[in-house]
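Chemist: The structure that follows is given in the form of structure tokens.
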Amino acid sequence: MLAYAARRCAGVLPALFAIVTISFFLLRLAPGGPFSAEQGISPTIRANLQAAYGLDQPVIVQYGRYVAGLLRGDFGPSFKLRDTQVSELVRRGLPISATLGISAVVVALLLGLPLGVSAALRRNSALDRGTAVWSALAIALPSFVVGPFLALAFGLRLHWLPVAGWEPNVQHLALPVLTLALPVSAYIARLARAGLLEVLQADFIRTARAKGIPESQVILRHALRPALLPVVSYLGPATAAIVTGSLVVETVFALPGTGRYLVEGAIDRDYTLVMAMIIVYGTFTLLCNLVADLLYGWLDPRVRHD
């Protein structure tokens, strides 16, 4: 297992380096620049601004300076937000987005996994059919529909929960977390149901039952572990997608997360801000996939040997 983990960890840094390099040059190749849309400034002032931020130098020199700054943990200054370091914006917004995303994944697991397992154990029952209908609705309805509906129902009509703003408590987390968790929990329920139904037809399950092992032990000790493999494979990219793709939910519930920084930076051509968001999101995605790979290897020893 240690050798398998070492091989998986060794691929993270090269992948992150590739993300940084490709993103940096793609941003520079795009037409325009951070100061191209500035109105009412003379070419001399624009040239002075570019020189102040090092944009008048060759792209390869800019790249070298940027990578050197990254090695020191410095994302550089924002081109549009004067006297503001990008690292400060990341420290301000990332904890909120991470808390929101991780909480949504936990809620999705607590909701989807028991439903999927129960539906598989009671195949073709009312619970199974109800789970299928619920999962189809949860997947089909987009977050920009579910979020306002929950805010209208539980916030404006019932006055149970706040519909906007941020405080690190359950009341402010409940509606945005539920909005993010519903489609993920539906996918988890489907994957868990399909995985468990497939495993229950395997030869080793029939052998365990033939030996007289109680059904609960057959499920918990023999069937559940391999049945979770599809769920684990899905959780890695799903967790990254929730944390990095919560812009709509952050907008609906007025949360000061990192999603709006990425959009604002892309519109304003704020190179350093966009690069910081790409690096943060890319790192988080790689780490989530790494954890998923390690869990997959722990659940299925054949992967480690291969």
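Chemist: If we scan the stretch 226-248, do we find a residue that is in contact (Cβ under 8 Å) with a residue 12 or more places away in the chain and more than 30 Å from residue 100 (Cβ to Cβ)?
Modeler: So far as the stretch 226-248 goes, yes, one or more of its residues are in contact (Cβ under 8 Å) with a residue 12 or more places away in the chain and more than 30 Å from residue 100 (Cβ to Cβ).
Chemist: A follow-up question, please. Only helices (runs of 4 or more DSSP H) wholly contained in the stretch 1-65 count here; list those with 2 or more residues that are at pLDDT below 85 and small (Gly, Ala, Ser).
Modeler: Correct list: 2-10, 43-52.
Chemist: With surrounded by 16 or more Cβ atoms within 10 Å (Cβ to Cβ) and without any contact (Cβ under 8 Å) to a residue 40 or more places away in the chain as the only criterion, which of 118, 125 stands out?
Modeler: The match here is 118.
The rows are residues; the columns are (1) at pLDDT below 90; (2) assigned to a loop (DSSP other than H, G, I, E, B).
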| residue | (1), (2) |
| --- | --- |
| 97 | yes, no |
| 100 | yes, no |
| 107 | no, no |
| 110 | no, no |
| 113 | no, no |
| 123 | yes, yes |
| 127 | no, no |
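This table checks each residue for (1) surrounded by 13 or more Cβ atoms within 10 Å (Cβ to Cβ); (2) out of contact with any helix residue (DSSP H, G or I) (no Cβ under 7 Å at 6 or more places or on another chain); (3) of a type in the set (Lys, Arg).
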{"residue": "42", "(1), (2), (3)": "no, yes, no"}
{"residue": "52", "(1), (2), (3)": "no, yes, no"}
{"residue": "74", "(1), (2), (3)": "yes, no, no"}
{"residue": "93", "(1), (2), (3)": "yes, no, no"}
{"residue": "99", "(1), (2), (3)": "yes, yes, no"}
{"residue": "105", "(1), (2), (3)": "yes, no, no"}
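Chemist: What pairs come out if I take residues in the stretch 292-306 that are within 16 Å of residue 9 (Cα to Cα) and pair them with residues that are modelled with pLDDT of 70 or more and not in a helix (DSSP H, G or I) whose C-beta lies under 9 Å away, six or more apart or interchain?
Modeler: That search, which allows pairs on different chains as well, returns 295/228.
Chemist: Residues that are of a type in the set (A, V, I, L, M, F, W, C) and over 21 Å from the mean Cα position of the chain (by Cα): which helices (runs of 4 or more DSSP H) entirely in the stretch 216-284 hold 1 or more of them?
Modeler: Fully inside the stretch 216-284 and qualifying: 224-227, 259-268.
Chemist: Right, another one. Determine, yes or no, whether residue 238 is more than 20 Å from residue 104 (Cβ to Cβ) and aliphatic (A, V, I, L, M).
Modeler: no
Chemist: Does any residue in the stretch 198-210 that is at pLDDT 85 or above and assigned to a helix (DSSP H, G or I) come within less than 7 Å, Cβ to Cβ, of a residue that is surrounded by 15 or more Cβ atoms within 10 Å (Cβ to Cβ) and small (Gly, Ala, Ser) six or more places away or on a different chain, and which pairs are these?
Modeler: That search, which allows pairs on different chains as well, returns 199/223; 199/227; 200/223; 205/223.
The values are calculated or read from the model by the stated rules, or taken from the named source; none is laboratory data. None of these values were measured; they are calculated from a predicted model. Note: ideal-geometry Cβ built from the backbone for every residue, glycine included; neighbour counts use all protein chains shown.
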